[in-house]
Each structure stands twice: as structure tokens, then as C-alpha cells.
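Below is one structure, written out as C-alpha cells; the observations come after it.
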Amino acid sequence: IRLLLKLGIVLYPAFYLLDLATYPDQKIPILVIRAGVTLYLLLVYLIFGRYGENWSFPLILSAFLAASLGISFICVLSGEGFASSYFAGILEIVLLSMALYTLPLGKYALLICLVVGQHFVLNWFIPWEYKDLLSNVYTLGVISLAVLLLHNIIYHLTKENDQLKRLLPICARCKKIRDDEGLWHQVDEYINQHSDIEFTHGICPECAEKLYGKFVS
């Protein structure tokens with residue numbers, strides 16, 4: 001997350017050079033937008049360094065939303081709205097958000113919906129044509145759905161991997177496993193609760209020999 005914030009602090013103002021070439025008549029308002037968003041990202045970075053553990057999601061959500069709002073405001077200022085090529089900046093933010101693969105799907109979906117949704121709300125009030133609106137809807141919609149699907153896959157793979165790496169307290173005598181709440185469970189019960197594995201029962205040769213002795217062929 002800190003790396004993403006650093007990238008934003010560096011790259012967001014750097015794109016002002018593109019603004020000068022694209023919208024020279026709006027260079028002052030756009031400069032204000034770029035500077036304001038950059039300062040906010042810097043503030044989020046500083047706050048995150050101190051309180052990130054407790055406020056990580058609200059902070060990163062506000063940072064992504066601020067960056068996307070800045071791009072959408074540029075589309076509005078230009079008067080082009082949905083026809084502006086700057087909507088590609090929203091797409092870049094959506095793609096960058098893939099680095100947040102540890103976020104639960106619900107929180108990640110909220111972030112994507114706010115980043116993309118604000119673009120359509122703000123630019124709705126600028127005169128637009130259906131072809132430009134559909135271009136935005138198709139591009140941002142398809143990419144957002146693909147990113148959400150990919151995030152869901154990566155999140156569950158990461159979660160399963162973390163579960164496999166975790167140390168499990170197990171009783172040295174009866175082999176019960178202690179969960180995070182301090183309760184003890186049979187091995188098969190615990191694994192059933194934390195994975196898709198289901199147990200079936202059999203008997204190994206050593207135990208069969210002890211139980212049935214000569215009856216085992």
C-alpha cells in the first residue's frame with residue numbers, strides 16, 4: 001500500500017506535462033487539481049505510516065477515490081466529459097488496485113464501484129453522446145468485472161496459502177488442534193471447518209494388526 005501511495009505522489013503530478021499539451025487553456029485549474037490530489041496522497045501516506053494498522057482500508061479507499069475524482073474533474077473542466085480520453089486514467093487506477101489482493105472481495109468491490117461510479121456521476125452533467133457513454137461503460141465495465149474476478153481468485157488462493165503456512169497448536173497426546181478462540185477440536189473436525197476436505201474412514205495395516213491380529217490376512 002505504501003508503494004502505491006509513493007507511486008501516486010510521484011506520477012500524479014508528473015502527468016501535468018500531458019495536461020499542458022492536451023488542455024493548455026485549462027492549465028491553471030488542472031494544476032490546482034493535480035496539486036490538491038498530490039498533497040492529499042502525501043497526507044494519506046503520512047497518516048498511514050502512523051495509523052495504517054487501524055485505518056488502512058478507509059485511508060486507501062479515500063486515496064483511490066481522490067485520485068479518480070481528480071481525473072474525472074479534468075474531464076469535466078475540459079468540457080469533453082465522456083468524450084475525453086482521460087477516462088483511461090480511471091482505467092489505470094482500477095488496474096493499479098489489483099495490488100490490493102489481500103482486501104476481502106466486499107471491500108475491494110466497494111473501492112472499484114466508487115472509483116468507477118463517481119466518473120459517471122460527475123460527467124453525466126456534461127453534454128454527451130451515446131457512443132461516448134457506451135465507450136466508457138464498456139471499457140470501464142468490462143475491465144472492472146475482469147479485475148474483480150481476478151481479485152477473487154487471487155484473494156482465495158492467498159488466504160488458503162496463509163492457512164497452510166500458519167502454525168497450528170496440537171496436543172502432544174490426543175492430537176486435538178487449538179483454534180484462535182482457544183477451543184480444542186479433533187483433527188478431522190478442524191480441517192472440515194477450515195477447508196473443503198471431507199474425511200472418510202478406513203484402517204491402516206498396523207492398527208488392523210493390533211485390533212484383529214490373526215484375522216487379518
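Which residue, Gln26, Gln118, Gln186, tops the fluctuation ranking in a GNM of the chain built on C-alpha contacts under 10 Å?
Among Gln26, Gln118, Gln186, the largest mean-square fluctuation in the Gaussian network model of the chain belongs to Gln186.
Which number gives the lysine pairs in the chain that have C-alpha atoms under 29 Å apart and are eight or more places apart or on different chains?
12
How much accessible surface does Val10 have with a 1.4 Å probe, in Å² rounded to 10?
About 100 Å², rounded to the nearest 10.
Calculate the FRET efficiency for Val10 and Leu46 from the Cβ-Cβ distance with a Förster distance of 22 Å, rounded to the nearest 0.05.
In this case the efficiency is close to 0.90.
Using only the alpha carbons of the chain, determine the length spanned along each of the three principal axes and report them from longest to shortest in whole angstroms.
Each principal axis gives a Cα extent; for the chain these are 96, 42, 23 Å.
Specify the angular offset, from 0 to 90 degrees and rounded to the nearest 10, of the alpha carbon long axis of helix 2-14 from the longest principal axis of the alpha carbons in the chain.
20 degrees
Specify the residue with the greatest mean-square fluctuation among Arg173, Arg34, Arg50, computed from a Gaussian network of the chain linking alpha-carbon atoms under 10 Å apart.
Result: Arg173 has the largest fluctuation of those listed.
For region 44-198, calculate the relative contact order in percent as a whole number, restricting contacts to Cα pairs under 8 Å that are 6 or more residues apart. List each step's numbers first, then the result.
Details: 122 pairs, mean separation 30.8, N = 155.
Relative contact order, region 44-198: 20 percent.
Pick from Glu198, Glu181, Glu80: which is most flexible by mean-square fluctuation in a GNM of the chain where alpha carbon atoms under 10 Å apart are linked?
In the Gaussian network model the winner is Glu181.
For region 1-86, how big is the tail of P(r) above 23 Å, as a whole percent of Cα pairs?
Numbers: 958 of 3655 pairs.
That tail contains 26 percent of the Cα-Cα pairs.
Placing +1 at every Lys and Arg Cβ and -1 at every Asp and Glu Cβ, with all other atoms neutral, what dipole size does region 54-165 have around its Cα centre, in debye to the nearest 20? Mind showing how you got there, number by number?
Numbers: 4 positive and 6 negative charges, 58 e Å.
Its charge dipole is roughly 280 debye.
At a 1.4 Å probe radius, which order do Phe73, Phe125 fall into by accessible area, largest first? Please list the in-between numbers first.
Values: Phe73 95, Phe125 160 Å².
Sorted by accessible area, descending: Phe125, Phe73.
Under a Cβ-only charge scheme (Lys and Arg +1, Asp and Glu -1), can you give me the dipole magnitude of the chain about the Cα centre, in debye to the nearest 20? Walk me through the numbers before you get to the answer.
On the way: 16 positive and 18 negative charges, 126 e Å.
The dipole magnitude comes to about 600 debye.
Based on the Kirkwood radius over alpha-carbon pairs, what is the Stokes-Einstein translational diffusion coefficient of region 95-182 at 4 °C with 1.567 mPa s viscosity, in µm²/s? The partial results should precede the final answer.
Working: Rh = 16.3 Å.
It diffuses with D of about 80 µm²/s by this estimate.
Where does region 95-138 land on the Kirkwood hydrodynamic radius, alpha-carbon pairs, in angstrom?
When all Cα pairs of region 95-138 are included, the Kirkwood radius is 12.0 Å.
Using only DSSP helix segments of four residues or longer, with each worth -39500 (n - 2.57), what per-residue ellipticity at 222 nm results for the chain after dividing by its residue count and rounding to 500? Intermediate values should be presented prior to the final figure.
Numbers: 8 runs with 153 residues, N = 217.
Calculated mean residue ellipticity at 222 nm is -24000 deg cm²/dmol.
Would you rank Glu189, Glu209 by solvent-accessible area, highest first, keeping every protein chain in place and using a 1.4 Å probe? Before the final figure, lay out the partial values.
On the way: Glu189 75, Glu209 105 Å².
Descending order: Glu209, Glu189.
The values are calculated or read from the model by the stated rules, or taken from the named source; none is laboratory data. Here the structure is a predicted model, which is why all the values come from computation and not from measurement. Please note: Cβ atoms are built from the backbone with ideal geometry, for glycine as well, and neighbour counts cover all protein chains shown. To get the accessible areas, we keep the full protein, side chains included, count just its heavy atoms, and leave off ligands, DNA and RNA. Shrake-Rupley method; radii C 1.70, N 1.55, O 1.52, S 1.80 Å.
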